[in-house]
Amino acid sequence: MARPHIEPFVDRDVSFKKMTLPGFPKGMHYKMLSMDTDTGASSMTVMYENGYAQPPGMSYADMELFIMSGYLESDEKRYTPGTYFWVPPGVHMPALRAPRGCVALMFYNYAEPSFVESDSDHQLAERDHLTIVNAYEDMHWTSTNFFPATASGCLVKVLRFDQRTQAFTFLYCMTPNFWQDNISYHDCAEEAYHIWGTSWMMQFGNLPTGGYFWRPPYINHGAFACKLGTLALGRTDSQLYNHFHFNPWSTPEENRERAGARMLAWKPELYRWIEQHGGHNHPHVPNDFEYDGQGDPHAIAHAHGVPHDHGDGHHDHEHEEKPKRRRRSRTK
Amino acid sequence: MVKVIEHKVSREVKAWLKKEAAEQKERYKKIVAEQEALSPKRDKWVADFLERIQSRGFNVHADMLRKIPAAEIPKKPRRKFKVVF
């Protein structure tokens, strides 16, 4: 299992540790929230000491940073609480300082945390994807807009949306006296950190300020309640759909099977087409013309862990690596 | 979109990852034990939920509620009730 189910975990219960990974400047401390043990992808609460100074630099994997308290500043700009960065791999950031200290959430999505001093972008960097926004000052709350939806009183600000996977990062709040009497699960992994406030879920009890979870797909959560309000940061790794139900005892396997049955009911043509083109034991992974050439569908099936065999119950063959081509077009 | 730029993972980084993975394993065990201890409370929360969805209603979508008939209420299976997987 790449990341175990970490829920609930309260980071206030543990101390900050010095960041000792090579490349990171002195004065950075962290609390590990969860980590993918295969790739090193990590979610952390980080604290920069008063006077922290970081030279211009980049990371090998994309990095998300959300400032919770204090501020960071470059020569040109001050980044105050609510500021969210999504920095693609290889995109260099200017020198940053934390004159009075700063506490933030930091996420590396596909590899271990890294920092390489550099005053220019890596040749593979895609700077046009760099996102910097102040969620507190520059954005408005909206309803969740996923259907079926959460009850009124749960509002979001979408900070980043991946148009291919529909993974997204969002700020959310629950208003005082929020309640929602259903049990939910999703096809995606979901992660959240409570910036402020306590909310309650029927399975896990209260999640207070500093509370965190990394929840793999198909795990029941809810009913929900929040007495005094909550502000939190959430993330998913693909599309979030609310599979609501009222069976407290269903297992992830049962939930996954139900999700598959529901997909057949919603998109019967597509479901049957995928099944027919792949067969039961060797599912076809369709190509997306928008991302043409980003990999052999069979290899993608491997990358996504789609279980299959080759009719003999074994699957021990190797795949030749094909040269990658850039996709033909990009839609913004 | 490039997800990761290929790079060499040093021995020092590997050691850091190993240590963090071991700590996470302990964290997970602690969570499982804490959640196990919460079972009596959770059973009460579940009973209350099943009562509320019959009297006030189940949130089908947003604030749309449906009162669930008693015949539709699921029965607790004999297997162990797990919430952390």
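The values are calculated or read from the model by the stated rules, or taken from the named source; none is laboratory data. Predicted model, so just to flag it, every value in this text is computed and none were measured. A quick note on method: Cβ atoms are made from the backbone with ideal geometry, for glycine too, and the neighbour counts reach across all protein chains shown.
At a glance:
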| read-out | value |
| --- | --- |
| Those residues of the range A:40-55 which are within 14 Å of chain B (Cβ to nearest Cβ) and at positive phi, in sequence order | A:Gly40 |
| The range A:40-66, subset part of a strand (DSSP E or B) and small (Gly, Ala, Ser), residue farthest from B:Val9 (Cα to Cα) | A:Ala53 |
| Residues (buried (at least 21 other Cβ atoms within 10 Å of the Cβ) and outside any loop (DSSP other than H, G, I, E, B)) located in the range A:176-189 | A:Phe178, A:Gln180, A:Ile183, A:Ser184, A:Tyr185 |
| Members of the range A:105-146 that are without any contact (Cβ under 8 Å) to a residue 40 or more places away in the chain and aliphatic (A, V, I, L, M) | A:Leu124, A:Met139 |
| Residue among A:Arg164, A:Arg160 that is modelled with pLDDT under 95 and out of contact with any Lys or Arg (no Cβ under 6 Å at 6 or more places or on another chain) | A:Arg164 |
| Residue match in the range A:87-106 (condition: farther than 24 Å from A:Phe161 by Cβ, in contact with a Lys or Arg (Cβ under 8 Å, 6 or more places away or on another chain) and outside any loop (DSSP other than H, G, I, E, B)) | no |
| Residues of the range A:23-38 satisfying the condition of being in a strand (DSSP E or B) and not aromatic (Phe, Trp, Tyr) | A:Met28, A:His29, A:Lys31, A:Met32, A:Leu33, A:Ser34, A:Met35 |
| Selection within the range A:130-151 - out of contact with any Leu (no Cβ under 7 Å at 6 or more places or on another chain) and at pLDDT below 95 | A:Thr144, A:Asn145, A:Phe147 |
| Residues that are within 7 Å of chain A (Cβ to nearest Cβ) and either in a loop (DSSP other than H, G, I, E, B) or over 13 Å from A:Phe246 (Cβ atoms) (or both), drawn from the range B:58-85 | B:His61, B:Ala62, B:Asp63, B:Ile68, B:Pro74, B:Lys76, B:Pro77, B:Phe81, B:Val83, B:Val84, B:Phe85 |
